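Reviewing the structure listed below.
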Amino acid sequence: MRRNPRDLQRYTSGERANHWIVGICFILLALSGLAFFHPAFFPLTQLFGGGPWTRILHPYIGVVMFVFFVAMGLRFASLNMIGQRDIEWLKNVDKMVDGDDHDMPEQGKYNGGQKLLFWGLVIGMLLIAVSGVMMWRTWVVLPVNMVRIASVLHAVAAVWMIGLIILHVYAAIWTRGTIRAMMYGTVTRAWAKQHHRGWYRKVTDDNS
Amino acid sequence: MSLQSLDIKRLSATTTPAPQARSPQSGEVAKLIDVSKCIGCKACQTACMEWNDLRQEPGVNLGVYDNPNDLTENAWTVMRFTEYENEASGNLEWLIRKDGCMHCEDPGCLKACPSPGAIVQYTNGIVDFHEEKCIGCGYCVTGCPFNVPRISQKDNKAYKCTLCSDRVAVGQEPACVKTCPTGAIVFGTKKAMKDHAEERIADLKERGFDKAGLYDPAGVGGTHVMYVLHHADKPSLYASLPDEPKISPLVSLWKGVSKPLAMAALGAAALGSLFHYITKGPNDVSKELEDEMDRQDREAEAASKESQP
């Protein structure tokens, strides 16, 4: 949807669908995974039809997330290469967090923080997928010590990813006008020029 | 299965204390297996199958006496045979160990289990699986230092020796104890079993087994199934009985300190985000830029009208 014909396209419908398949899987996996991690969250298994069903479903949802995460990673990897201007941006991230973004270095489609998040999630995803398969007793039987290592890594990777996703969601809420990019694909020109001036110049040829 | 009426002192995945008013005044129970008296007749395996209504499908002969070859969801105890050439005495010793759940005082299975009440420890020390609450994740297998629990392919539930908790609850000894023809397996309070073991060890030492001793490993807080071993200095001789069993540090990390740390970190991230928003306000587009874009929008509109005929 374009409220204004001059709004800028940030995500195609394919990219949005891909993102939200991963997002839904992530929420289901976090809820079911936390249920196994800490007794306080065990009642969350009721959302999935009880303990055994949660145990059955969790890894299959994980496989779906992994497949679509890889597809999304391939779509966005080239846009997330970290360059000099990202490093400059990251050096000044404390000003950004403080709400003073006036003299932050100009950013392309993604800023240094978003790129770090991207690669943080890529590492987390690889770790959690490999360790998850190692724990999947329905299909895989490994020596108990490997399963123990996998169990620790799976928990660490899960907490790492949930933490990053909390930041990801919060950054989208905090930076007003962002969520619509992932909902209906477009952002306003003012949003683009303020937050991603390099990308704005590239897509509009407006070098003012 | 919850078939008995014993008081529970510890439940898996439960952070508050179990009812504590009642506790066995005579002390906790234990089964003592005197390996030096075992003749390998497997009557204990048969009695276990009979009492518990279990039937393990016959397997294949791998050239050893162990039958079945391993513990299964239907075989909660297995005689493991080891041929040991004792270089000191020049004798060939046939070491026969009755394998099965050790009923640890600090059970790794219970620590790892994520389902509240699926694994319990009774006040008398017996560790029991309540399969009705088992979700089939296999974490008990990951947690066990003795490689005991088995997950059934049929129902995806975990099974192991119950120490005949249903018999013990009504004042009877476990089925294997009742049937043992040589008295190699005895059952009573843990204290009585230790006393009995001491006599046996003294006897064995007299007969030249100067390293004879009791296997009641401290690393798991002691066990409620104990062995009298002729070579207590080398438990691993007995079909890889762990020399110093304890809950793996990886399992302790996973099911111990990592839980509060992770909850604190995630809670801080969520609350930190909320308070950041409240204290710093949203990161909005500047009014200046919005006005500039509005102006450009109007200019673009005017230009497109002009160019129309």
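Conditions (1) more than 14 Å from chain B (Cβ to nearest Cβ); (2) at pLDDT 95 or above; (3) out of contact with any strand residue (DSSP E or B) (no Cβ under 6 Å at 6 or more places or on another chain), marked per residue:
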position: A:THR12; (1), (2), (3): yes, yes, yes
position: A:GLU15; (1), (2), (3): yes, yes, yes
position: A:HIS19; (1), (2), (3): yes, yes, yes
position: A:THR54; (1), (2), (3): no, yes, yes
position: A:ALA77; (1), (2), (3): yes, yes, yes
position: A:VAL93; (1), (2), (3): no, no, yes
position: A:VAL97; (1), (2), (3): no, no, yes
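Go through region B:104-117 and count every residue that is touching a helix residue (DSSP H, G or I) at 6+ places or on another chain (Cβ under 7 Å) and assigned to a loop (DSSP other than H, G, I, E, B).
Total meeting the criteria: 7.
Among the candidates A:ILE166, A:ILE173, A:ILE162, A:ILE149, which residue alone is touching a residue at least 60 places away in the same chain (Cβ under 8 Å) and either surrounded by 18 or more Cβ atoms within 10 Å (Cβ to Cβ) or facing chain B (nearest Cβ under 8 Å) (or both)?
A:ILE162
Could you say which residue among B:VAL148, B:VAL141, B:VAL186, B:VAL120 is part of a strand (DSSP E or B) and either crowded, with 24+ Cβ neighbours inside 10 Å or within 14 Å of chain A (Cβ to nearest Cβ) (or both)?
Working: B:VAL148 fails: part of a strand (DSSP E or B); B:VAL141 fails: part of a strand (DSSP E or B); B:VAL186 fails: either crowded, with 24+ Cβ neighbours inside 10 Å or within 14 Å of chain A (Cβ to nearest Cβ) (or both).
It is B:VAL120.
Of all residues in region B:151-166 being under 21 Å from A:GLY33 (Cβ atoms) and touching a residue at least 24 places away in the same chain (Cβ under 8 Å), which is nearest to the other protein chains (Cβ to nearest Cβ)?
B:ILE151
Part of a helix (DSSP H, G or I) and away from chain B (no Cβ under 14 Å) - does that describe any residue in region A:29-37?
Checked against the condition, which is being part of a helix (DSSP H, G or I) and away from chain B (no Cβ under 14 Å), region A:29-37 yields at least one hit.
Okay, residues lined up against (1) of a type in the set (Asp, Glu); (2) assigned by TED's automatic domain parsing to the domain that holds B:GLY108; (3) closer than 30 Å to A:PHE37 by Cβ:
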| residue | (1), (2), (3) |
| --- | --- |
| B:VAL127 | no, yes, yes |
| B:LYS133 | no, yes, yes |
| B:VAL141 | no, yes, yes |
| B:PHE146 | no, yes, yes |
| B:THR179 | no, yes, no |
| B:ALA212 | no, yes, no |
| B:ASP216 | yes, yes, no |
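If a residue must be over 14 Å from A:GLY108 (Cβ atoms) and surrounded by fewer than 16 Cβ atoms within 10 Å (Cβ to Cβ), how many such residues does region A:185-208 contain?
4
Suppose the filter is at pLDDT 95 or above and closer than 25 Å to B:GLY125 by Cα; does B:THR82 pass it? Walk me through how you get there before you give the answer.
Numbers: at pLDDT 95 or above: yes; closer than 25 Å to B:GLY125 by Cα: no.
Criteria not met by B:THR82.
Search region B:167-223 for residues being in contact (Cβ under 8 Å) with a residue 40 or more places away in the chain and hydroxyl-bearing (Ser, Thr, Tyr), and hand back the single one that is farthest from B:GLN4 (Cα to Cα).
If we take residues in region B:167-223 being in contact (Cβ under 8 Å) with a residue 40 or more places away in the chain and hydroxyl-bearing (Ser, Thr, Tyr), then B:THR182 is farthest from B:GLN4 (Cα to Cα).
So which residues in region B:24-77 are of a type in the set (Asp, Glu), over 30 Å from B:GLU93 (Cα atoms) and either crowded, with 20+ Cβ neighbours inside 10 Å or touching a residue at least 60 places away in the same chain (Cβ under 8 Å) (or both), if there are any at all?
B:GLU28, B:GLU50, B:GLU73
Kindly indicate whether any position in region B:61-69 is assigned by TED's automatic domain parsing to the domain that holds B:LYS178, under 26 Å from B:GLU198 (Cα atoms) and within 23 Å of the chain's Cα centre (by Cα).
For region B:61-69, residues assigned by TED's automatic domain parsing to the domain that holds B:LYS178, under 26 Å from B:GLU198 (Cα atoms) and within 23 Å of the chain's Cα centre (by Cα): absent.
The values are calculated or read from the model by the stated rules, or taken from the named source; none is laboratory data. These numbers were taken from a predicted model, which means no experiment stands behind them. Note: ideal-geometry Cβ built from the backbone for every residue, glycine included; neighbour counts use all protein chains shown.
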